[in-house]
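Q: Submitted below is the structure of interest, expressed as structure tokens.
The values are calculated or read from the model by the stated rules, or taken from the named source; none is laboratory data. This structure is a prediction, so every number in the text was calculated from the model and none was measured. FYI the Cβ positions are ideal-geometry reconstructions off the backbone, even for glycines, and counts take in every protein chain you see. The accessibility values were calculated without ligands, DNA or RNA, using every heavy atom of the protein model including side chains. Shrake-Rupley method; radii C 1.70, N 1.55, O 1.52, S 1.80 Å.
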Amino acid sequence: MVWFYVLGGFILVLVTLQCLMKIYFGAILNLIMNFIHSNIETVKAKLFDEAISKIKSNKKNERLEILELGIGTGENFRHFPKGSNVTILDKTDLFLPYLNESIKKNNRNDLNVSKLVVSKAEEMVGIESDSMDLVVHTFILCSVDDHLKVMNQVYRVLKPGGVCIFMEHSIDNENKKRKILQKIMTVVLGDRFLDMRKIISSGPLEELQLKNYEMNNIFISYVNPIVYGYGIKS
């Protein structure tokens with residue numbers, strides 16, 4: 001009978017968490033993503049510096065055209081080159097207040113956030129082909145319906161010589177205990193853990209640079225590994 005009470009208690013906790021996520025989804029996700037980004041800041045700064053140096057689609061002294069997929073918490077804005085034109089694509093404008101807060105917090109009023117496109121990443125409605133010097137996506141591929149369509153769209157909107165920067169959490173196929181925990185968190189948070197190295201490698205980007213990063217913080221270790229890097233449109 002003990003197992004019955006344990007199972008019942010576990011189900012009750014799951015239902016409670018799911019209800020809280022529905023009611024306070026924006027605020028909860030904002031807190032989680034802020035915490036995760038604070039634990040990858042060093043490696044992210046190096047990634048942006050290296051990847052941006054590879055951009056060959058932009059002439060000197062011209063504003064970079066940047067597309068970020070997913071409004072998120074605006075944590076990537078601090079790494080965008082000064083004076084860039086920024087287009088944001090998201091399937092919802094739910095996180096817009098957190099974005100505006102991040103712009104003020106990071107003192108990035110030099111950025112020209114020229115457009116907010118409310119559209120699925122698989123479609124990128126209203127974004128012209130060969131129009132972007134840089135596309136950025138962090139922790140969004142877990143929530144899209146068709147990964148290959150998204151990556152093909154990224155390739156389409158990039159200018160020749162443009163770069164895509166990515167950071168995505170991945171299923172851990174080497175740590176069995178963590179993999180079980182990730183499957184449990186999928187049920188609790190509705191956040192999928194997928195083989196991101198395999199998914200990103202299947203896309204059309206060239207000169208692909210793929211690395212893994214392990215966050216040391218025990219509270220978010222279940223998110224590991226982080227697959228990150230960049231690719232170029234030749």
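Q: Each residue of the stretch 84-91 in turn: what ³J(HN,Hα) in whole Hz from Karplus with 6.51, -1.76, 1.60 and θ = phi - 60°, glycine and Pro shown as x?
A: Each residue's phi maps through the Karplus curve to give 5, 8, 10, 10, 10, 10, 8, 7 Hz.
Q: Order LYS233, LYS179 by their accessible area, 1.4 angstrom probe, all chains in place, largest first.
A: The residues order as LYS179, LYS233, largest area first.
Q: Additional query: Could you tell me the relative contact order of the stretch 122-169? Use alpha-carbon pairs under 8 Å, at least six residues apart, and round to a whole percent. Numbers along the way, then the final one.
A: Values: 64 pairs, mean separation 26.7, N = 48.
With pairs under 8 Å counted, the relative contact order is 56 percent.
Q: Using modelled backbone amide H atoms (1.01 Å from N, in-plane), which distant-in-sequence or interchain residues come within less than 5 Å of ILE171's amide H?
A: Residues meeting the amide H criterion: LEU194, ASP195, MET196.
Q: What ranking, highest mean first, results for peptides 153-166, 112-125 when packing means the other Cβ atoms within 10 Å averaged over each residue?
A: 153-166, 112-125
Q: Would you please give the residues with an amide H less than 5 Å from that of GLY161, counting only those at least 5 places away or on a separate chain, with H modeled from the backbone geometry?
A: Sorted by chain and number, the residues that satisfy this are LYS233, SER234.
Q: Compare the Cα positions of ILE171, LEU148, GLY126 along the charge dipole of the stretch 120-191 (+1 at Cβ of Lys, Arg; -1 at Cβ of Asp, Glu; about the Cα centre) and return the one farthest towards the positive end.
A: So the residue furthest toward the plus end is ILE171.
Q: Sequence-distant or interchain residues sharing an amide H contact under 5 Å with LEU67, placed H: which?
A: THR87, LEU134, VAL135, VAL136
Q: Can you work out the Karplus-derived ³J(HN,Hα) for every residue in the stretch 43-53? Use 6.51 cos²θ - 1.76 cosθ + 1.60 with θ = phi - 60°, whole Hz, and x for glycine or proline.
A: Couplings: 5, 5, 4, 5, 4, 4, 4, 5, 5, 5, 5 Hz.
Q: Using only Cα atoms, what is the ratio of the radius of gyration of the stretch 163-234 to 2.2 N^0.38 Å?
A: Here the Cα radius of gyration is 1.18 times the empirical estimate.
Q: ³J(HN,Hα) across the stretch 135-151 via Karplus (A = 6.51, B = -1.76, C = 1.60, θ = phi - 60°), whole Hz, x for Gly/Pro?
A: My calculation for the stretch 135-151 gives 10, 10, 9, 10, 6, 10, 5, 5, 10, 8, 7, 9, 4, 5, 4, 4, 5 Hz in order.
Q: Between SER234 and LYS46, how high is the FRET efficiency from 1/(1 + (r/R0)^6) when r is the Cβ-Cβ distance and R₀ = 30 Å? Nearest 0.05.
A: Given R0 = 30 Å and the Cβ-Cβ separation, E is 0.80.
Q: If one computes the Cα centroid of the stretch 115-134 and of the stretch 187-207, what distance in Å separates the two points?
A: First find each Cα centre; the distance between them is then 20 Å.
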